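The values are calculated or read from the model by the stated rules, or taken from the named source; none is laboratory data. Please read all numbers here as calculations on a predicted model, not as lab measurements. Here the Cβ positions follow ideal geometry from the backbone for every residue, glycine too, while neighbour counts run over all protein chains shown.
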Amino acid sequence: MDQITQRIADSFSRQSLMATFGATLGTVTSGSVTIHAPILPLALQQAGMGHGGLVFSLGDSAAGYSALSLMPESQEVVTSELKINFLGPATGDELIARGKVVRNGKRLVVVTAEVSARTGKDEALIAILQGTMVPVPA
């Protein structure tokens with residue numbers, strides 16, 4: 001495991017919300033991160049679909065970790081603002097959040113994330129997010 005992947009994995013393991021959702025870290029590369037999570041009964045909305053808060057949290061974490069993958073060890077990142085467009089229902093076996101850095105600035109990091117729902121081998125894009133992460137001292 002390379003140094004960036006180890007750093008992201010260590011941080012991810014400290015996120016109790018991701019553990020609550022049963023989320024796992026997928027691929028980690030410089031500037032992009034993927035997170036997988038089953039759609040569990042504890043994160044459903046009233047109509048039986050995955051709650052928007054689940055979708056948002058996964059997208060936020062994937063986007064944030066994509067920014068962290070470009071930061072020096074002396075810095076962490078926090079979300080400054082994040083917008084979401086829901087495109088479809090969170091139904092199926094699992095959700096996949098793919099975050100990536102659009103622009104890595106000194107004070108602001110512009111990020112995006114796409115969240116897809118997977119049923120078997122079929123995937124459907126259900127949300128897109130765009131926002132800003134701010135580097136802070138570790």
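Here is a yes/no grid of residues against (1) hydrophobic (A, V, I, L, M, F, W, C); (2) in contact (Cβ under 8 Å) with a residue 40 or more places away in the chain:
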site: 95; (1), (2): yes, yes
site: 100; (1), (2): no, yes
site: 107; (1), (2): no, no
site: 110; (1), (2): yes, no
site: 113; (1), (2): yes, yes
site: 119; (1), (2): no, no
site: 127; (1), (2): yes, yes
site: 130; (1), (2): no, yes
site: 133; (1), (2): yes, yes
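Residues that are in contact with a Phe, Trp or Tyr (Cβ under 9 Å, 6 or more places away or on another chain), outside any loop (DSSP other than H, G, I, E, B), more than 27 Å from residue 121 (Cβ to Cβ) and touching a residue at least 40 places away in the same chain (Cβ under 8 Å) do not occur anywhere in region 46-57. Which residue is surrounded by the most Cβ atoms within 10 Å (Cβ to Cβ), if the candidates are limited to region 26-40 and must be over 11 Å from residue 94 (Cβ atoms) and out of contact with any strand residue (DSSP E or B) (no Cβ under 6 Å at 6 or more places or on another chain)? The residue in question is 28.
Figure legend. Inter-residue proximity from region 14-41: first residues aliphatic (A, V, I, L, M), second residues surrounded by fewer than 17 Cβ atoms within 10 Å (Cβ to Cβ) and in a helix (DSSP H, G or I), beta-carbon distance below 6 Å, spacing 6+ or different chains. Indicated pairs: 25/9; 28/5. The residue list 18, 1, 49, 71 contains one member that is hydrophobic (A, V, I, L, M, F, W, C) and modelled with pLDDT under 95, which is 1. Would you mind stating whether residue 66 is among the polar types (S, T, N, Q), touching a Ser or Thr at 6+ places or on another chain (Cβ under 7 Å) and buried (at least 21 other Cβ atoms within 10 Å of the Cβ)? The answer is yes for residue 66.
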